[in-house]
Amino acid sequence: MQKITPERAGISSGAVKEYISVLESNRFATHDIILAKGNDIFFEKYYPPFDENSLHRLYSASKSFVSLAVGFLAQDGKIDLDDPIVRYFPKETAKVTDENVRNQTIRHMLMMATAKTPEYWFHDKPCDRVQYYFDNPSPSRPSGLTFEYDSSGSFILGAMVERVSGKSLMEYLDEKLFSHIGVSKKTHCLCCPGGHAWGDSAILCTPRDFLKVARFVLNGGKWDGKQLLNEEYLRLATTKRIDNTELGCSAARGGYGYQFWIEQNGCYAFQGMGSQYAVCVPEKDLILIYNADNQGISFAKEIIF
């Protein structure tokens, strides 16, 4: 990716300056900002002590990476999105008799339409987070119908990727994606109790690596003219699959795809706590990368977007 002026991207330098001025006047704890159009970066700024080599924890933006891994498994015929998730965890679900849980599919989990209200695993500190998920004693409902944010469900999808591929989540993504698009070897993921990747919250990468993954998605799964991931999966992943407005969800009111937040005007976003964003604007071929530590600032997203 080369750097160009905003004018070469068809954008006013004054407009960029005004946008950055608004962010800085709100005194956000911004780490970095990248604005890109096509394969070109027309604005890039880092705020000390952060620079282009700094790793940033993406928090829940990690979930979108898990979605890509699931898409590759489906493309290779190793799973079907309508498979029940219990198929891949026979030992952990041997005592599960709840039919709503047994009927919960991979697709339902991608949509955050799972059968049970998730438990807060930080509180109970389980020794195996996979087993903890399936031992959830909460009342159930038919899956696939109701959006309820289930971070642990995303973790289970990542654990499924590891079980089916026989590789760690990051090894699998490196094989299928990262090595093809130039994501650095510094990119990694923390682990959860039980040894599985903390795929719902703990991928770390540089801003440029984050941009490459977002660019790949906005390209419809292509890189250098080669179709790495089928375009149809990404179309489904980045468009509304389920409504979330009944919850008054502040994260995005345009609905939810497959681990992607759907925004207004056909946009979608990788989105993580504290303002970790890769915002994709297909109509304009634009991407915003933004990393920060804006936890506790309720209005930050509204201003940034």
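The values are calculated or read from the model by the stated rules, or taken from the named source; none is laboratory data. These numbers come from a predicted model, not from an experiment. So basically every Cβ, Gly included, is an ideal-geometry build from the backbone, and we count neighbours across all protein chains shown. Remember, those area values only see protein heavy atoms, side chains included, never the ligands or the DNA or RNA. Shrake-Rupley method; radii C 1.70, N 1.55, O 1.52, S 1.80 Å.
Remarks
- Of 112, 170, the residue with the largest accessible area leads and the full order is 170, 112 (1.4 Å probe).
- Think of each Lys and Arg Cβ as +1 and each Asp and Glu Cβ as -1; about the Cα centre, that makes the dipole of segment 221-305 roughly 100 debye.
- Largest first, the extents of the alpha carbon coordinates of segment 18-60 on the three principal axes equal 30, 27, 22 Å.
- When 176, 185 are compared by accessible area at a 1.4 angstrom probe, the order from most to least is 185, 176.
- Counting protein heavy atoms only, segment 63-220 has 53 percent of its accessible area on carbon and sulfur, 1.4 angstrom probe.
- Length gained when the stretch residue 8-residue 293 is fully extended (0.36 nm per residue, less Cα-Cα span): 99.5 nm
- Most to least packed among 209-217, 53-61 [average Cβ atoms within 10 Å]: 209-217, 53-61
- Angle in degrees between helix 13-25 and the longest Cα principal axis of the chain, rounded to the nearest 10: 60
- Dipole check for segment 1-92: with +1 at the C-beta of Lys and Arg, -1 at the C-beta of Asp and Glu, and the Cα centre as origin, the magnitude is about 140 Debye.
- Most tightly packed first, judged by the mean number of other beta-carbon atoms within 10 Å of their residues, the peptides 24-32, 196-204, 284-292 read 196-204, 284-292, 24-32.
- For the chain, the mean residue ellipticity at 222 nm estimated from helices alone is -8000 deg cm²/dmol, where every DSSP H run of n ≥ 4 contributes -39500 (n - 2.57) and the total is divided by all residues, rounded to the nearest 500.
- Packing-based ranking of 71-79, 9-17 yields 71-79, 9-17, ordered from highest to lowest mean Cβ neighbour count within 10 Å.
- 22 Å Cα-Cα threshold exceeded, pairs from 37/212; 17/240; 63/301; 63/186: 17/240
- Segment 1-60 and segment 110-157: distance between their alpha carbon centers, rounded to Å: 36
- For residue 20, net neighbour charge (Lys/Arg +1, Asp/Glu -1) across residues whose Cβ lies under 15 Å away: -1
- Using only side-chain charges placed at the Cβ, +1 for Lys and Arg and -1 for Asp and Glu, the dipole size of the chain relative to its Cα centre rounds to 300 debye.
- Solvent-accessible area per residue for segment 167-305 (1.4 angstrom probe, square angstrom): 41
- Structure-derived Cα extents along the principal axes in Å: which label, when the choices are [x] 61, 40, 34; [y] 71, 54, 32; [z] 47, 44, 39: [x]
- Neighbourhood net charge (14 Å Cβ-Cβ; Lys/Arg +1, Asp/Glu -1) for residue 285: +3
- The phi-based Karplus calculation (6.51 cos²θ - 1.76 cosθ + 1.60; θ = phi - 60°) puts the 3J(HN,Hα) values of segment 45-53 at 8, 10, 10, x, x, 7, 9, 5, 9 Hz, whole numbers, x for Gly and Pro.
- Annotation: aspartates and glutamates with alpha-carbon distance below 15 angstrom to residue 125 (same-chain offsets under eight excluded): 135.
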